[in-house]
Amino acid sequence: MMAISADPLNLIICGVGGQGNILMSSLVASALTRKGYYVAIGETFGAAQRGGAVFSSVRISARHPYGPLIPEGRAHLILGLEPLETMRMLQKYGNPEVVCITNTQPVPPVGVLSKKDEYPDHDELKETIKKLTRRAWFVDATDIALKLGAAIATNIVMVGALLAASQLPLERKDMESEMWNTFPRERMELNLKALDRGFNTIHSQN
Amino acid sequence: MPNIATHSPGSVVLLQGNEAIARGALEGGAQVCTAYPGTPSSEIIATLAPVAKDRGIHVEWSINEKVATEVAGAAAFAGLRSLSAMKNAGLNVAMDFLMHLNLSTLGDRGGGMVVVVCDDPQAHASGDEEDTRWTAQMANVPLLEPGNPQEAKDMTKWALDLSEELSCYCFLRGYTRLSHSRGPVKLGELPSPTRKANFDTSKGYSPYIAPPKHAALIEKMARLRERFESSPFNPYSGPEHPELLIICSGSGGFCSLDAVEALGLTKSVGILRLGTLWPFPQDLVRSYVARTGKVLVVEEVDPFLEVHVKEAIVSPSPVGSPEIYGKGSGHIGYYGEMTPDVVIKALSKIFNLEYQARDRRYEDEVQNAASQMVIDRGMAWCPGCPHRASFFALRNAIRKDGRKALVTGDIGCYALDIFPYGTHQTNVLHCMGSGAGTACGFGELGQFDFKQPVVAICGDSTFFHASVPALINAVYNKSNMTLVILDNDVTAMTGFQPHPGTGRTATQEATTIVDAEALCRSLGCRVEIRDPFDTKATTAALVELMKDEEGVRVLILRRKCELLRMRQERKQLFKVWVTPEKCTGEKCGYCYQVLQCPGISWDKETGKARVQETLCVGCGFCADICPLKAIVKEEIA
């Protein structure tokens, strides 16, 4: 087994209901399980299909199984499918050592759409995330996925970015074989492309 | 792609708690599995249904939890093994049967039955935080509580074995953080169940006469308790003589582990995690308590363990005089779910430790930033949801009527009406079917000068589940009410399960469509049917039905759940856009502030309404209601 930077390593994948975050956590966790790590996932979704905030916690250990809940202030890595949701997770689980990878595309809450609330200024939000993390990457994952012709692949672009950030004991080939096990063949061409684009985006920022 | 029945024995796979329970049912040879959907339990049957045919088992979505347990009970009487699954609130519906089945035994044919109840501490997706452990004590039947997905699988199988041996159903208690967590599960062998169903009609089973049968049950549980005292499902980890002993169950186990590690207390704190909760293994608890001077009981919601630990310590004779911490001492709360931080806080207080999750400067900085930036992400009906249109019409009809009509509701996506982005028309909302039941009651208050029109709301699935008896009562007792059935052709909120009105079974077989309209007509109700997207006709029907005081009225508002329609048809109906010249923006706001569909919003730059292209599903309803005709819809060929 590859060494992990902390044990247990606490990963949070957050976003909005319908963005596919539960599938992402399953892909990452299954790939790690195959490599012999103890992995636990907690899925917090309530009524996920109705626009609410959704997150999965993924806990990875080489020593013994942990429960699915991460203690407050103890995230090591946050993968955000939406910038406001990354910020929401930093508020509860962030710390000076945390690393974040965030999709830049905002999904406005219904309160913003109905003019009750105002979405935070995009640049200010980005700067704040940078300030509150040891390292922050931003990925235009929704744009990349749209260019590939399928907004639904945004989450796979983000998985590619996660692998390139080298924060997990996972290599690209581990994820590719996990994807072959998970998706129907006709979806694989798109998904491999999405994984590749996400991976390269981070690589060019490193 | 592999499924729950094709993973090979001996392999380790990552399973959701509910999937693990489903696998446990297969490994335990369950041949009949039933449920009514309810979060967080729904995935158990949803996992079993697709493999039912290959495995040669019967899996069904039942009309409600009571019937689900009755179907499973019949299978046990006929010598098979069965499982029935439900959420916390569902157990209340099933209890009438289960409080008799405990006394009658499951017969002599060697059948077994596990009742899986998934509780929801923190009420993530429930109306309450009720705790099934007391129910097991009340019924005096065994209750097992897994601490992780592996145990969920193993205990489901064991519960079936135990049930068969005792001829008594067993509870398996899940909870949200088990049902909706995933962890590695080592799989066991899958037997091919070949039992044939048969009932020996020379025998009879009932709870009558209760006292001797109750006595037999009590004796059975006393014998079972002795076995539970040495069960491997009550693991202990920690030093031989801990300074403090944590006694916990379920999620209390992993939360305690995190807390003990975070505070560096592994050498002084031991964790006894109980998995066999009823009958309570009191001697085991006494033997561990004897090794320590302090006990902290870690459990969510009710003090079930705490009450029994306290009792075990004094009876039959006192075990020293340990200090007991938990809910009674104020170290742990009586509501909400267990988290590592709850245990960290309790231990820090007992051991007088300073614990800081992160440095203070960061804490201040992050809270300060969050207070300016982090806005709520409220729940709302999906774009294109027919419920939004139904409530929109109801709101207008109530205004037109002008007699302060009262609305009673129940459980489904339409319960979002009382949440911040609903229309707030619903005045009284409780459990499944109680919209119809309470409306019936209000509608019977005429002799006490009650003059307001009464409108009950239910969904199509809720109609069958628990509204029909209330509707019959309304007809029989001459209530003055209107029942509105929001018929979206599916049990949407829990994940698109079919129901008796859909013509499909859990295993996707075609079946008789139970016709709600014909059923209501046969009761003598006046029945009207409208499409809620035809807002004029719907509003007019509501106004008229509220006025009509001749007998009970039913309005069926029929339109398919938009998520389901999109899955099936994969196309938008309309292209929708705003003509900025006609839109008066803030002066009006009818679409984004009154209708509040996430597909249309206020645009900060132009000050006008704007279609959110990634969210809009093209239903076109906003174009129909725009008072200025500024929103345009064009049919997509």
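Bear in mind that the values in this text are calculations on the coordinates, not laboratory data. Just so you know, these numbers come straight off a predicted model, no measurement behind them. Cβ atoms come from the backbone with ideal geometry, glycine included; neighbour counts cover every protein chain shown.
Spin-label model, B:Ile209/A:Ile152: points 7 Å from Cα along the beta carbon direction are separated by 6.5 nm. Please report the spacing between the Cα centers of region B:352-430 and region B:45-92 in Å, no decimals. Their Cα centres are 34 Å away from one another. A Förster distance of 41 Å, applied to the separation of the beta-carbon atoms of B:Asp515 and A:Met188, puts the FRET efficiency at 0.40. Other residues within the sphere of radius under 13 Å centred on the Cβ of B:Ser601, judged by their own Cβ, net out at -1 (K and R +1, D and E -1).
Its Cα centre serving as origin, chain B has a Cβ charge dipole (Lys and Arg +1, Asp and Glu -1) of approximately 980 debye.
When only Cα pairs under 8 Å and 6 or more residues apart are kept, what is the percent relative contact order across region B:571-635? Spell out each step's value before the answer.
On the way: 109 pairs, mean separation 30.5, N = 65.
Taking the mean separation of contacting Cα pairs over the length of region B:571-635, I get 47 percent.
Of all DSSP bridge pairs formed entirely within region A:9-205, close to 55 percent run antiparallel.
Counting each DSSP H run of 4 or more residues in chain B as -39500 (n - 2.57), what helix-only mean residue ellipticity at 222 nm follows after dividing by all residues, to the nearest 500 deg cm²/dmol? Spell out each step's value before the answer.
Values: 21 runs with 224 residues, N = 637.
Roughly -10500 deg cm²/dmol at 222 nm, from the helical runs in chain B.
Projecting the Cα positions of A:Ala136, A:Leu81, A:Ala29 onto the charge dipole of region A:9-205 (unit charges on Cβ atoms of Lys, Arg, Asp and Glu, taken about the Cα centre) puts A:Ala29 furthest along the positive direction.
Taking the Cα centre of region B:386-568 as origin and charging only Cβ (+1 Lys, Arg; -1 Asp, Glu), how large is the dipole, in debye to the nearest 20? Don't skip to the end; give the middle numbers.
Working: 20 positive and 19 negative charges, 92 e Å.
Once rounded to the nearest 20, the dipole reads 440 debye.
The local environment of B:Val632, defined by Cβ-Cβ distances under 12 Å, has a net charge of 0 under the rule Lys, Arg +1 and Asp, Glu -1.
Based on C-alpha pairs under 8 angstrom that are at least 6 apart in sequence, region A:9-205 has a relative contact order of 20 percent.
In region B:135-177, if the dipole is taken from +1 on Lys/Arg beta carbons and -1 on Asp/Glu beta carbons about the Cα centre, which of B:Ala159, B:Gly147, B:Gln137 is farthest to the positive end? Farthest along the dipole direction, towards plus: B:Gly147. Evaluate E = 1/(1 + (r/R0)^6) for B:Arg399 and B:Ala216, where r is the Cβ-Cβ distance and R0 equals 45 Å; express this FRET efficiency to the nearest 0.05. My answer for the efficiency is 0.15.
Close amide H pairs (under 5 Å, H built 1.01 Å from N) link B:Cys33 with B:His58, B:Val59, B:Glu60, B:Leu83, residues at least 5 positions away or on another chain.
Evaluate the relative contact order of chain B (contact order divided by residue number), counting alpha-carbon pairs under 8 angstrom at least 6 apart; express in whole percent. All intermediate terms of the calculation are to be shown ahead of the outcome.
Values: 1346 pairs, mean separation 66.6, N = 637.
Rounded, it is 10 percent for chain B.
Two tests apply to each whole DSSP H helix in chain A, Cα reach of 18 Å or more along its axis and mean Kyte-Doolittle hydropathy of at least 0.5, and the ones passing both are A:21-34. Here the spin labels are modelled as points 7 Å beyond Cα on the Cα-Cβ line, and at B:Ile529 and B:Asp283 they lie 6.6 nm apart.
Taken as Cα centroids, region A:94-114 and region A:116-131 sit 8 Å apart, rounded to the nearest whole angstrom. Using the Karplus relation 6.51 cos²θ - 1.76 cosθ + 1.60 with θ = phi - 60°, the per-residue 3J(HN,Hα) values for region B:168-174 come to 8, 5, 10, 8, 10, 9, x Hz, with x marking Gly and Pro. In terms of other Cβ atoms within 10 Å, A:Leu32, B:Leu563 run from fewest to most in the order B:Leu563, A:Leu32. In plain terms, the C-alpha convex hull of the protein assembly as shown casts an average shadow of 37.5 nm² when viewed from every direction.
Among B:Ser287, B:Ser82, B:Ser315, the order by Cβ neighbours within 10 angstrom, fewest to most, reads B:Ser315, B:Ser287, B:Ser82.
Between B:Phe450 and A:Asp121, the simple label model (points 7 Å from Cα in the Cβ direction) yields a spacing of 5.6 nm. In units of the compact-protein estimate 2.2 N^0.38 Å, region A:74-137 shows a Cα radius of gyration of 1.11. The Cβ shell under 9 Å around B:Val297 holds other residues with a net charge of 0, Lys and Arg each +1, Asp and Glu each -1.
Bridgeable lysines around B:Lys451 (alpha carbons under 19 Å apart, same-chain partners fewer than 8 residues away excluded): B:Lys400, B:Lys404, B:Lys478, B:Lys547.
Have a look at the DSSP beta bridges in region B:451-568 and tell me what percent are antiparallel, nearest 5.
Of the beta bridges lying entirely in region B:451-568, close to 10 percent run antiparallel.
Our note on the geometry: Cα centres of region B:483-551 and region B:123-202, 35 Å apart.
In terms of surrounding Cβ atoms within a 10 Å radius of their Cβ, B:Cys170, B:Cys583 rank from fewest to most as B:Cys583, B:Cys170. The alpha-carbon atoms of region B:386-568, seen along their principal axes, cover 51, 35, 28 angstrom, with the largest extent given first.
Can you work out D for chain B in µm² s⁻¹ from Stokes-Einstein, where Rh is the Kirkwood radius over C-alpha pairs, the temperature is 20 °C and the viscosity is 1.002 mPa s? Write out the running numbers ahead of the final one.
Values: Rh = 27.2 Å.
Taking Rh from Cα pairs, D becomes 79 µm²/s.
Only Lys, Arg, Asp and Glu carry charge here, each on its Cβ (+1 for the first two, -1 for the last two); on that basis region B:504-551 has a dipole of about 80 debye about its Cα centre. Taking every DSSP beta bridge that has both ends in chain B, the antiparallel portion is near 25%.
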